[in-house]
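Data first, discussion second: the structure below is written as structure tokens.
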């Protein structure tokens, strides 16, 4: 192990090593006396730093000549008895100066870099929290935006699902209501299946409607027994004053065959059947015998007749309280149960 000052070997007894850079020196090369070295040996060996590592201010070349290390080098050179000429001696000294200068410059560069690092470190530490805070705020803003977008999408999805559910529910309810209405109308019409309506029979104060029905059946050549008529009445309240048209008579027959026979016979005699045929008295009026339809069926029959005129349908009739149409004698018949069926009547 060589001394960094004189470049000669250093023994353990004379060794003094820098705590920072771990370079070796003779303690005498550092102008440390024997007594001082002996008294401070523990302190020097455990915590001593060489001049380049002691953060001393960098000096000029001339000032560096007066350092303890440089003075010791000059003393050693003066004591050397060599036969070389002065130029060789100057070259040797220059070489030693160059080596020492390199060590000093390297030490100063290390001190400068360390000082810069120490100066920059607090600034970096002050910058890092600010940058971290900014990044955190940006991340929080992005997350809040994502949460807002997700909440908006969830609301839109829920709103769409609710609307679809409402539409489906409304559609189902409308379908059920339509089905219930159709079923109710069918039941109402079924309850009138054995009823007939007689229109045009003049009213008398003391009239007996079963006798009137009996006379009508006799005129139409339909056999009617006494118990075939379940009931017979006029559909509107009794009038206090005479009216232009008499009230309609509703008759319920016990047997459907009697009902169908009466209606068929009345249709055949439609042109000649009048109030004079049954001798009821009063003003002469034409008499019509029809099936007892509900109000809905009557309105549907009226619309069907209007459509038949527009589309040139020749036949419109009812059977068993159902409405049928036919284009002509050769065409098939069409059952009309709703207004949608009327739209199917093509011209």
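The values are calculated or read from the model by the stated rules, or taken from the named source; none is laboratory data. Just so we're clear, the structure is a prediction, and the values are computed from it rather than from any experiment. So basically every Cβ, Gly included, is an ideal-geometry build from the backbone, and we count neighbours across all protein chains shown.
Checking 222, 235, 251 one by one, the residue that is touching a strand residue (DSSP E or B) at 6+ places or on another chain (Cβ under 7 Å), surrounded by 11 or more Cβ atoms within 10 Å (Cβ to Cβ) and in contact (Cβ under 8 Å) with a residue 12 or more places away in the chain is 251 and no other.
The one condition from (1) farther than 24 Å from residue 221 by Cα; (2) without any contact (Cβ under 8 Å) to a residue 12 or more places away in the chain; (3) in contact with a helix residue (DSSP H, G or I) (Cβ under 9 Å, 6 or more places away or on another chain) that residue 309 does not meet is (3).
Has the stretch 178-190 got any residue that is surrounded by 12 or more Cβ atoms within 10 Å (Cβ to Cβ), free of Cβ contacts under 8 Å to residues at least 40 places away in the same chain, assigned to a helix (DSSP H, G or I) and in the same structural domain as residue 277 (by TED's automatic domain parsing)? The answer is no, given that none of the residues of the stretch 178-190 is surrounded by 12 or more Cβ atoms within 10 Å (Cβ to Cβ), free of Cβ contacts under 8 Å to residues at least 40 places away in the same chain, assigned to a helix (DSSP H, G or I) and in the same structural domain as residue 277 (by TED's automatic domain parsing). Within the option set 280, 311, 248, being farther than 19 Å from residue 189 by Cβ and not assigned by TED's automatic domain parsing to the domain that holds residue 343 holds for one residue only, 280.
Out of everything in the stretch 204-219 that is in contact (Cβ under 8 Å) with a residue 40 or more places away in the chain and in a loop (DSSP other than H, G, I, E, B), what residue ends up being farthest from residue 254 (Cα to Cα)? Going through the qualifying residues, I end up with 204.
Of the residues 327, 271, the single one that is closer than 30 Å to residue 213 by Cβ and either out of contact with any helix residue (DSSP H, G or I) (no Cβ under 8 Å at 6 or more places or on another chain) or not assigned by TED's automatic domain parsing to the domain that holds residue 252 (or both) is 271.
When residues in the stretch 1-16 are screened for being surrounded by 14 or more Cβ atoms within 10 Å (Cβ to Cβ) and touching a residue at least 60 places away in the same chain (Cβ under 8 Å), 3 of them pass.
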